[in-house]
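Enquirer: The structure under discussion is supplied below as structure tokens; questions concerning it will follow.
Rule-based calculations on the coordinates, nothing more; no lab input. The structure presented is a predicted model; accordingly, all values stated were derived computationally and were not measured. Don't worry about glycine lacking a Cβ; one is built from the backbone with ideal geometry, like all the others, and counts go over all protein chains shown.
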Amino acid sequence: MLGLNKKDATFLLIVVLLTLFTPIIMQPFAANSGLDQFNGGYPDLMQKVAIFGIFAVGFNILFGLTGYLSFGHAAFLGVGSYAAVWMFKLLTMNVIPAILLAMVVSGLLAVVIGFISLRRSGIYFSILTLAFAQMCYKLAYSVLTPITNGETGLQLALSDPRILDGTNESASLPVTNIFGLAMNSSYKVEALNRVFTFNVGFYFCGIVAILAFYIAIRLFRSPFGMMLRAVKTNQQRMNYMGLNTRPYTLAAFVISGMYAGLAGGLLAAMDPLAGADRMLWTASGEVVIMTILGGAGTLMGPVLGAGVIKYLENIFSKINESVLHSWFHWLPDGLEHAVVWVFARFTGEGWHLTLGLTFMLVVTFLPGGLVEGTRRIKSLMARLRRPKAGRTEPKADDQPSPFKKPL
Amino acid sequence: MGILEVKNINKRFGGLQALGDVNLSVKENSVHAIIGPNGAGKSTLLNCLVGKLMPDTGSVTFDGQSLLGRKPHEINQLGISRVFQTPEIFGDLTVMENVLIPCFAKRDGAFRLNALTSIAQEPDVRAKAEQMLIDVNMIDKRHMQGSSLSRGDKRRLEMAMCLAQDPRLLLLDEPTAGMARADTNNTIDLLKEIHEKRDITMAIIEHDMHVVFSLADRITVLAQGTPLVEDTPDNIKGHPKVKEAYLGETQQV
Amino acid sequence: MDGILLQILNGLDKGSAYALIALGLTLIFGTLGVVNFAHGAIFMIGAFCAVTLSRLLSLSFETVDPTKTDFLGNPATIKTPYVEAWFGPEFGGALIDWAVPLAILFSIPVMIVVGYVMERGLIKHFYKRPHADQILVTFGLAIVLQEVIKYFYGANPISTPAPEVFIGSFDFGMMLGFDPNVIIYPYWRLVYFLFAAVIIGAVFSFLRFTTFGMVVRAGMADRETVGLLGIDIDRRFTIMFGLAAAVAGMAGVMYAPILSPNYHMGMDFLVLSFVVVVVGGMGSLPGAVAAGFLLGILESFASMNEVKSILPGIDQIVIYLVAIIILLTRPRGLMGKRGVMEE
């Protein structure tokens, strides 16, 4: 089906279903229960999960397959955002041209940066990409101010031409839309003591993310994907096998740059402004963290990583001391304060501390990320269930080799 | 006129003359061994052939085309495959994938962006790869990871990868270095079989005389960067110059 | 001519900081083979050592002075730092004034402990892992250290002044025979440069003239062989890590008056220092120092108005531009050895 084997098709179907029902799945707790703050079913968060999922999936095409660790991918995200906002200003508020331009522009930038950076490998490549991204960031703040609007960031204005949209008579800024359907419009359904928000923007992002994910699956299973994995393992052998590794790595770099640009365009489509801080190297670090946390080189890993991080970021940031006190009020006074103090270090403002620690733990003990973790748990469970069958081999790999007979 | 012609190549590393006026002619369908004591310049010569090093002077032609200045992958695409001293394979990939890569390289050239076709939809290439694995007797291990193979199996796999390209010339850099006697003999048999079945020209750089004399039909002896003699194995065996070159070395050791 | 001299001088203090951080990074990379993204955080912790000591020294008790009243008419409270009460106002006041230089003494043991704990507790387990893993785990560590500091000291920069004698500037140009008021140079920047020169000199002589340093240099060249000689190279490398941390920490301490310490200053300096290391040549100590000063000075030249009018924005990107050009034309960097990290 769709050029996928049965297992991948099932996998894709699950992803599609999960995406479609995200507004319900992420709203598991009743509105007035104490666990309400764990609900993630609001449009902003759901959009971010989908968008950063795309970003991470694209990053994984480069890092997971070829092993080239780019520390400058945020540049493409930022450039994509700028391109999209310019499209909103000049042409139309329809998001389709905007995200297309975002992909084209970031793709072109990726050709330039990749062409130069890929002449080196290892840490030199990381530093080169980092240097390029920092250059983009600094330039956006200085010389390119006419294009980027400097520190204020690029925003919509009433006076923008918007050639295709015709004149805007109202006094308020127009909203992004897809053929007239506004991105920020939502349909709220109240049921089961919960409010489910079905947001146009989220579904748009979700559909784009599914497409992006589908293309990534195809790429992983293709000869091209195999070549990229070969690049990671042994470039010398590839050269002596008649293969030119440079175009392979460049193609991977450009594709992943375009994924990042797409994500940047979508960010702008959800909220039409673009700032240089999207290109800061810590933003590049974030996508690295997402990919590693989920599991680099696996299909599901980056999406999982992006989802977990964005969800926890939103949820953890909201847990302040008063929330903690309400949780632990049943403890004896002194103990309550101690417990709340400890938890408060890791929540709210301390979210980044949790993130850093988790990341360190994952890199140290679970280099395969969450995907590897679930696999280990599965094989452990299997071993526990059949103690007499002896040691069961852990599953060969997450990406079943295409030669195994389809299930 | 041989398929591979090396004329008057010189290579210097600083003050060291690594190769001096080396001439070599490898005849089509022959097995040509290049032997010589340590430091004779065997590896330098090989590196000049595959595009890793650029000789200072001289010419290297393969089937009438000059190889100088070409990149390793271009030289390979002309039909020259190389086997390394320690087997170079793709450790993270399965055995089958290892063989698929040269098959695709043969069909698609140095680069092709076929990112949306599944490997499963390429039955021709897969059939060829499977045939290669059957030929080297490794079809049972096709799902194993490259890095988990034994050294002997890695060597076999590398051979299969090279053969999958249907090369016209196979360069072997000490294919039995560091191998146990039994493995060495297996490798000799494998190479013999390949040569007989496929009529591939082979150029072998080797230390081990046992290997050389069981395989080669022409031998060039290299010493201190220059060819001493070139002759058939029988004539080489008793040749005084060769004795001198080797005994000189053995005495020092 | 004087303009050029001024820019060179202006580049020296930043260049010194780059050189000191890059020196530590290179020591760690050269000895342990580890790419340490947390090194900037160590620099930052050093700067906060200065903040901490200056706060400790200014700890005060309050006394009520009945003779005076504040503007509300209540009896005024006077804060007296403990050190002034203990050592007399003169010596005590001097102690407070000299908090930043004193913090060097305070920071050395702190940084060595930090470095030791880092190496034994974390980095040790990453010697055999790929460089990408090392980058990632130390990147995580940098985030953690940064957040810890942020918790204790807040997100805002904390101004930490230099001792009073060094506050202000002097007319350096006049001393060299230029016109007055052309080359005005702040005292502290000169102090920083001299300090950096001393530290760099000390590290180099330590490596050059002590047996310990000799073993370490030998280990940098060929770890296995040195290990075979029966020398416990690991323990020495741990000490080197502590030393690198101390160097970065002291660089941070002394930088506090130039740039008010904030929790993310480490990251800002780290990115630049890595560029410096790469430009200098991965694993080359003189290269790191030379590149540090070179890039610091280049940056200051690029910020001249004459240059900016020709190439707008160049001051922002010159370092990265130079790094890219050097990496492409001379991948080993200015003084790097062949084959280091070129996997």
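Enquirer: Rg to Rh ratio, the stretch B:88-166, alpha-carbon atoms and Kirkwood radius?
Expert: Ratio of gyration radius to Kirkwood radius for the stretch B:88-166: 0.95.
Enquirer: Moving on. Give, rounded to the nearest 20 debye, the magnitude of the charge dipole that the protein assembly as shown has about its Cα centre when Lys and Arg contribute +1 at Cβ and Asp and Glu contribute -1 at Cβ.
Expert: Value, rounded to 20: 2660 debye.
Enquirer: Counting Lys +1, Arg +1, Asp -1, Glu -1, what net charge surrounds B:K128 among other residues with beta carbon under 15 Å of its beta carbon?
Expert: Here the count lands on -2.
Enquirer: What's the exposure ranking of A:H329, B:H73, going from fewest to most Cβ atoms within 10 Å?
Expert: Result, fewest neighbours first: A:H329, B:H73.
Enquirer: Turning to a different aspect of this structure: Dipole magnitude of chain C about its Cα centre, charges +1 at Lys/Arg Cβ and -1 at Asp/Glu Cβ only, in debye to the nearest 20?
Expert: Roughly 1160 debye, rounded to the nearest 20.
Enquirer: Placing unit charges on C-beta atoms (Lys and Arg positive, Asp and Glu negative, everything else neutral), compute the dipole magnitude of the stretch A:140-227 about its Cα centre in debye, rounded to 20. Could you put the intermediate results ahead of the total?
Expert: On the way: 5 positive and 5 negative charges, 105 e Å.
Dipole of the stretch A:140-227, to the nearest 20 debye: 500 debye.
Enquirer: OK, next. Run lengths n ≥ 4 of DSSP H only: what is the helix-derived mean residue ellipticity at 222 nm for chain A, with -39500 (n - 2.57) per run over all residues, to the nearest 500?
Expert: Rounded to the nearest 500, the figure is -20000 deg cm²/dmol.
Enquirer: Arranged by the count of other C-beta atoms within 10 angstrom, fewest first, what order do C:E84, B:E206 take?
Expert: Listing C:E84, B:E206 from fewest to most nearby Cβ atoms yields C:E84, B:E206.
Enquirer: Would you list, by chain and number, the aspartates and glutamates whose Cα falls below 12 Å from the Cα of B:K42, excluding same-chain residues fewer than 8 positions away?
Expert: B:D173, B:E174, B:E206
Enquirer: Just the projected area, averaged over all directions, of the convex hull on the alpha carbon atoms of the stretch C:263-305: how many nm²?
Expert: 3.4
Enquirer: Using the Karplus equation 6.51 cos²θ - 1.76 cosθ + 1.60 (θ = phi - 60°), what ³J(HN,Hα) coupling, rounded to whole Hz, does each residue of the stretch C:117-133 give in order, writing x for Gly and Pro?
Expert: With coefficients 6.51, -1.76 and 1.60, one gets 4, 4, 5, 5, x, 10, 4, 3, 6, 10, 4, 8, 8, x, 4, 4, 4 Hz.
Enquirer: Still on this structure, please answer the following. On a C-alpha basis, how far is the centre of the stretch C:191-235 from the centre of the stretch C:248-292 in Å? Whole number, if you could?
Expert: So the separation of the two Cα centres works out to 19 Å.
Enquirer: For A:K6, list the lysines whose Cα falls under 20 Å from its own Cα; do not include residues on the same chain fewer than 8 positions away.
Expert: Cα-Cα hits under 20 Å: A:K395, A:K404, A:K405.
Enquirer: Here is a follow-up. Net charge near C:E299: determine it from the other residues with C-beta under 10 Å of the C-beta of C:E299, scoring Lys and Arg +1 and Asp and Glu -1. Mind dumping the intermediate values first?
Expert: Numbers: positive: C:K14; negative: C:D315.
Local charge sum for C:E299: 0.
Enquirer: To make sure I understand, if each residue's beta carbon is the centre and we count other beta carbons within 10 Å, what order do A:F220, C:F43, C:F61, B:F62 fall in, fewest to most?
Expert: C:F61, B:F62, A:F220, C:F43
Enquirer: Further, regarding this structure: Taking amide hydrogens as modeled 1.01 Å from N in the peptide plane, which residues meet the under 5 Å criterion relative to C:M335, leaving out close sequence neighbours?
Expert: Close amide H contacts, sequence-distant or interchain: C:G281.
Enquirer: Compute the Rg/Rh shape ratio of the stretch C:120-263: radius of gyration over Kirkwood radius, all on alpha-carbon atoms.
Expert: For the stretch C:120-263, the value is 1.10.
Enquirer: Specify whether the C-alpha gyration tensor of chain B places it in the rounded, prolate or oblate class, a ≥ b ≥ c being the square roots of the eigenvalues: rounded for a/c under 1.5, otherwise prolate if a/b is larger than b/c and oblate if not.
Expert: prolate
Enquirer: Between the stretch C:107-127 and the stretch B:92-114, what's the alpha-carbon centroid distance in Å?
Expert: That distance is 45 Å.
Enquirer: Here's something else I'd like to know. Could you work out the equivalent-ellipsoid semi-axes for the protein assembly as shown, taking the square root of 5 times each eigenvalue of the Cα gyration tensor, largest first, in whole Å?
Expert: Equivalent ellipsoid of the protein assembly as shown: 55, 40, 28 Å, largest first.
Enquirer: Whole-Hz Karplus ³J(HN,Hα) for the stretch C:307-322, in order, using 6.51 cos²θ - 1.76 cosθ + 1.60 and θ = phi - 60°, x for Gly and Pro?
Expert: 5, 5, 6, 7, 10, x, x, 5, 4, 6, 10, 4, 4, 5, 4, 4
Enquirer: Please report the base-10 log of the normalised intensity I(q)/I(0) for the stretch C:111-181, using a Debye sum with one equal scatterer per alpha carbon and no solvent, at each q in 0.18 (1/Å).
Expert: -0.83
Enquirer: Still on this structure, I have one more. Scanning chain B for helices, which whole DSSP H stretches are 15 Å or more long along the axis (Cα) and average -1.0 or more by Kyte-Doolittle?
Expert: Passing helices, by number: B:95-108, B:123-135, B:151-163.
Enquirer: Taking every eigenvalue of the Cα gyration tensor of chain C, multiplying by 5 and rooting it, what semi-axes result, largest first, whole Å?
Expert: The equivalent ellipsoid of chain C has semi-axes of 37, 28, 18 Å.
Enquirer: For the stretch C:95-160, run through the trypsin sites (Lys or Arg not before Pro) and keep only the ones in DSSP coil with at most 16 other Cβ atoms within 10 Å of their Cβ.
Expert: Those satisfying the criteria are C:K128.
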